[in-house]
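Novice: The structure is given below, and queries will be raised subsequently.
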Amino acid sequence: MALSIEDIKKIAHLARIEVSEGEAAATLTKLTGILGLIEQMQAVNTEGIVPMSHSQDVVQRLREDVVTKTNQREAFQKIAPALGNGSAERAVDSGLYLVPKVIE
Amino acid sequence: MINSSLKTLGQMLAKKEVSSVELTQAFLNRIDTFNPEINAYIALDQQKTLAQAQAADAIIAAGNAGPLTGIPIAQKDIFCANGWKTTCGSKMLANFVAPYDAQVITQFDAAGAVNLGKTNMDEFAMGSSNETSYFGGVKNPWDFTRVPGGSSGGSAAAVAARLCAAATGTDTGGSIRQPASLCGLTGLKPTYGVVSRYGMIAFASSLDQAGPMAKSAEDCALMMNVMAGFDERDSTSLNRDKEDYMRDLNKPLQGLRVGLPKEFFAEGLDAGVGQVIESAIAEYKKLGAEIVEISLPNTGLSIPVYYVLAPAEASSNLSRYDGVRYGHRAAEYTDLMDMYCKSRAEGFGAEVKRRILIGTYVLSAGYYDAYYLKAQQIRRLIAQDFEEAFKHCDVIMGPAAPSTAFKAGEKVDDPVAMYLQDIYTISTNLAGLPGMSIPAGFSTGSDGKALPVGLQIIGNYFDEARMLNVAHQYQQVTDWHARMPDLPTPQGTK
């Protein structure tokens with residue numbers, strides 16, 4: 001199942017990464033090579049094998065439903081990115097983060 | 001002093017033969033001299049560092065010092081350290097000043113260690129040569145035309161060039177062991193879940209594990225005593241009793257069963273490296289070890305499996321970098337979608353983008369079973385290979401990397417060739433087992449340069465103390481780990 005330039009553009013859109021035409025072509029070559037490597041898996045019979053995500057047989061811990069963190073909004077908002085589009089101001093206002101309008 | 005073991009440095013500090021400030025300043029001076037060329041550190045803050053050294057001296061004066069109090073340690077730039085620039089080698093985080101401490105940083109602070117600075121690394125720990133760093137490559141102290149390995153290349157070069165007493169690294173597919181091999185040092189990736197991942201910038205969460213990179217096994221054991229431990233803030237941290245990793249260092253190796261996987265000595269291994277590994281095995285025989293031939297038949301599949309699982313997890317972990325709350329935001333954008341796409345296109349380098357795209361693809365609708373699920377199934381087969389092998393041996397040995405340090409630029413345009421660097425290390429991460437690399441000698445290439453070779457030691461789950469014992473005993477009868485590169489004095493220095 002060879003990838004096409006259109007596939008690259010679709011994946012890039014899903015990943016929210018802008019790619020130019022030139023980049024898409026170069027990416028296609030590299031990704032095709034990597035997928036060729038991955039394809040080796042298909043020769044293995046894995047019927048009935050339980051998938052493994054953690055080496056130890058552990059269960060997710062639960063904790064008491066109590067507040068453990070203090071409010072650090074100011075410290076966290078101090079590292080907000082610059083707003084952009086001509087403004088070097090931090091992308092925050094009244095304790096909120098500023099993004100382009102999403103609801104008309 | 002710069003060559004002294006952590007234990008010796010601790011004794012010198014305790015006896016007031018040197019102060020932490022003097023020791024720290026000595027390393028800072030070396031960093032001043034050599035770092036502009038080597039580029040091992042990407043964030044330095046002398047004021048903060050020296051303040052920590054002063055505080056350590058006060059603790060020592062009060063008689064409350066622990067084994068690492070006052071000792072200058074380099075921290076891989078993947079660990080958030082409050083008030084320190086923490087970039088993970090990426091443009092995405094080029095201006096990110098961490099607002100909190102990783103658990104590893106908290107533990108070193110509590111031990112009274114001094115943070116010398118943040119070390120260079122492949123971007124988001126994705127690479128085996130340190131060449132994907134936004135802040136430029138790192139030079140291998142043994143030969144400036146070669147790479148130090150990766151992703152913990154800055155930490156490896158800093159230890160090798162004696163720009164720190166010891167350093168931290170992280171290992172997702174070999175990122176501690178391969179650079180330790182290429183730079184001639186001792187590095188340990190613990191069992192998955194032993195060291196907290198809290199505040200360690202995530203790459204592939206089911207594989208990432210932090211560990212020490214140092215001049216000897218004994219130094220690594222001292223570091224492990226600080227780094228290991230349960231942390232409830234890491235959901236996969238294992239709740240186990242504290243252990244003393246120094247406890248078994250002096251045990252004799254008589255009767256130790258060393259497994260040699262035939263797949264680790266097959267095609268693809270550089271002949272010079274193979275010879276060094278064979279000499280090391282011969283040395284172990286002299287120490288009383290018994291050699292057992294074993295097989296890890298699915299070793300070859302570890303790279304394909306890894307390049308499904310790691311990118312899949314990375315594509316999910318790195319989705320947090322959206323330019324909204326921190327990190328890079330594009331200077332110009334139209335709407336929200338455009339802001340996301342441009343910020344991420346600008347903030348990530350080529351290798352990180354490739355892995356996000358691979359991960360997005362293998363997780364996309366219709367492909368999950370063929371890729372992610374299949375990879376998780378083969379992951380179990382790989383773990384079962386080790387389970388079977390450890391019925392016949394106590395530790396497994398082989399090369400840590402297929403070759404010595406390669407030339408900068410040599411593999412940069414060929415991701416698949418770069419990925420093969422981790423052929424002997426990745427399976428350990430997939431199984432969640434501990435692995436280490438120790439200096440085992442030198443191999444001389446066609447250009448006459450003698451370059452370090454690392455012997456890999458793989459242990460069973462939670463067997464770090466035994467592995468450190470196995471490494472330490474070898475380091476009592478060899479001096480490869482004590483060798484240090486001749487650094488050319490940079491021009492125009494004082």
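Here, each number is a calculation from the coordinates, and none is a lab measurement. Owing to the predicted nature of the structure, the values given are computational and were not obtained by experimental measurement. Cβ sites come from the backbone with ideal geometry, for glycine too, and all protein chains shown count toward neighbours.
Novice: Would you order B:Lys353, B:Lys48, A:Lys101 from fewest to most other beta-carbon atoms within 10 Å of each residue's own beta-carbon?
Specialist: A:Lys101, B:Lys48, B:Lys353
Novice: Okay, moving on. Give me log10 I(q)/I(0) at q = 0.19 Å⁻¹ for region B:306-349, Debye formula, one equal scatterer per alpha-carbon, no solvent.
Specialist: Debye output, listed in q order: -0.58.
Novice: On to the next question. Averaging sequence separations of C-alpha pairs under 8 Å and six or more residues apart, then dividing by the length of chain B, give the relative contact order as a whole percent.
Specialist: Relative contact order, chain B: 18 percent.
Novice: If packing is taken as the average count of other Cβ atoms within 10 Å, what order do B:207-218, B:282-293 fall into, highest mean first?
Specialist: B:207-218, B:282-293
Novice: Let me ask you something else. What lysines could a cross-link reach from B:Lys449, if we take a straight Cα to Cα line under 16 Å and drop same-chain neighbours fewer than 8 places away?
Specialist: Partners found: B:Lys139, B:Lys407.
Novice: Could you pull out every one of the lysines with an alpha carbon less than 25 Å from that of B:Lys16, ignoring same-chain neighbours closer than 8 positions?
Specialist: The qualifying lysines are B:Lys7, B:Lys48, B:Lys215.
Novice: Same structure, new question: When all alpha-carbon pairs of the protein assembly as shown are counted, what percent fall beyond 32 Å?
Specialist: 45
Novice: 7 Å from Cα along Cα→Cβ at both A:Glu21 and B:Tyr368: what's the point-to-point distance in nm?
Specialist: Here the modelled spin labels are 3.7 nm apart.
Novice: May I have the convex hull volume per residue, in Å³, for the Cα set of region B:365-494?
Specialist: 205
Novice: Per the helix-only calculation at 222 nm, which mean residue ellipticity applies to chain B, given -39500 (n - 2.57) for every DSSP H run of n ≥ 4 and division by its residues, nearest 500 deg cm²/dmol?
Specialist: Dividing the helical sum by the residues of chain B leaves -11000 deg cm²/dmol.
Novice: Continuing with the same structure: How long are the semi-axes of the equivalent ellipsoid of region A:1-53, taking √(5λ) for every eigenvalue λ of the Cα gyration tensor, in whole Å from largest down?
Specialist: Here the semi-axes work out to 28, 14, 8 Å.
Novice: When DSSP beta bridges are limited to those with both residues in the protein assembly as shown, what percentage is antiparallel, rounded to the nearest 5?
Specialist: 70
Novice: Also: Is the C-alpha gyration tensor of region B:216-326 telling us rounded, prolate or oblate? Criteria: a/c under 1.5 is rounded; beyond that, a/b larger than b/c is prolate, otherwise oblate.
Specialist: oblate
Novice: Output the 0 to 90 degree angle, nearest 10, between the alpha-carbon long axis of helix A:5-14 and the longest principal axis computed from the alpha carbons of chain A.
Specialist: Relative to chain A, helix A:5-14 is tipped by roughly 40 degrees.
Novice: Could you work out the mean projected area of the convex hull around the alpha carbons of region B:417-494, in square nanometres to one decimal?
Specialist: For region B:417-494, the mean projected area of the Cα convex hull comes to 8.5 nm².
Novice: On a full-extension model of 0.36 nm per residue, what is the gain between B:Leu287 and B:Glu267, subtracting their alpha-carbon distance, rounded to one decimal in nm?
Specialist: Additional length available on full extension: 4.3 nm.
Novice: Continuing with this model, one more query. Using Cα atoms only, what is the angle between the long axis of helix A:21-38 and the major principal axis of chain A, expressed in degrees (0 to 90) to the nearest 10?
Specialist: So the inclination is approximately 50 degrees.
Novice: While we're here: Work out the mean other chain Cβ neighbour count within 10 Å for the residues of A:83-96 and drop it here as an integer.
Specialist: The per-residue average across the peptide is 2.
Novice: Please state the relative contact order of region B:15-104 as a whole percent: Cα pairs under 8 Å, 6+ residues apart?
Specialist: Value for region B:15-104: 23 percent.
Novice: Search the structure for amide H atoms under 5 Å from the amide H of B:Ala408, placed 1.01 Å from N in the peptide plane, and list their residues when 5 or more places away or on another chain.
Specialist: Long-range HN contacts for B:Ala408: B:Arg146, B:Val147.
Novice: If you don't mind, there's one more thing I want to ask. Any chance you could check the Cα centroid distance between region B:420-458 and region A:21-39 for me, in angstrom?
Specialist: 29
Novice: What shape does region B:85-182 have by the C-alpha gyration tensor, where a ≥ b ≥ c are the square roots of the eigenvalues, rounded means a/c under 1.5, and otherwise prolate means a/b greater than b/c and oblate the rest?
Specialist: oblate
Novice: Apply the a/c threshold of 1.5 to the C-alpha gyration tensor of chain B and tell me whether it is rounded, prolate or oblate.
Specialist: It is rounded, given that a/c, with a ≥ b ≥ c, falls under 1.5.
Novice: Please order B:Thr106, B:Thr168 by the number of other Cβ within 10 Å, starting at the fewest.
Specialist: B:Thr106, B:Thr168
Novice: Continuing with this model, one more query. Determine which residues of region B:276-309 fall in the zone a paramagnetic label at A:Ala43 would reach in this model, i.e. backbone nitrogen under 18 Å from the point 7 Å along Cα→Cβ.
Specialist: Only B:296-308 fall inside the zone, counting backbone N under 18 Å.
Novice: Hey, another quick one. Out of residues 5 or more away from B:Ile42 or on other chains, whose amide H comes under 5 Å of its own, with H placed 1.01 Å from N in the peptide plane?
Specialist: B:Lys118, B:Thr119, B:Asn120
Novice: Over all directions, the average projected area of the alpha-carbon convex hull for region B:223-277 comes to how many nm²?
Specialist: 7.3
Novice: A further question follows. What is the projected area of the convex hull of the Cα atoms of chain A, averaged over all directions, in nm²?
Specialist: For the Cα atoms of chain A, the hull's average projected area reads 14.2 nm².
Novice: Ranking B:Val104, B:Val453, B:Val258 by Cβ neighbours within 10 Å, fewest first, what do you get?
Specialist: B:Val258, B:Val104, B:Val453
Novice: Next question, about the same structure. Under 11 Å from a point 7 Å along the Cα-to-Cβ line of B:Met484: which residues of region B:33-57 have their amide N that close?
Specialist: Hits in region B:33-57 for B:Met484 at 11 Å: none.
Novice: Once fully extended, how much extra length lies between B:Arg247 and B:Ala58, figured as 0.36 nm per residue of separation less the alpha-carbon to alpha-carbon distance?
Specialist: Gain on stretching B:Arg247 to B:Ala58: 65.1 nm.
Novice: State the three equivalent ellipsoid semi-axes of region B:162-282, derived from the C-alpha gyration tensor as the square roots of 5 times its eigenvalues, in descending order and whole Å.
Specialist: Values for region B:162-282, descending: 27, 19, 16 Å.
Novice: How large, in Å, is region B:90-139 by the Kirkwood hydrodynamic radius built from its alpha-carbon pairs?
Specialist: Its Kirkwood hydrodynamic radius stands at 12.6 Å.
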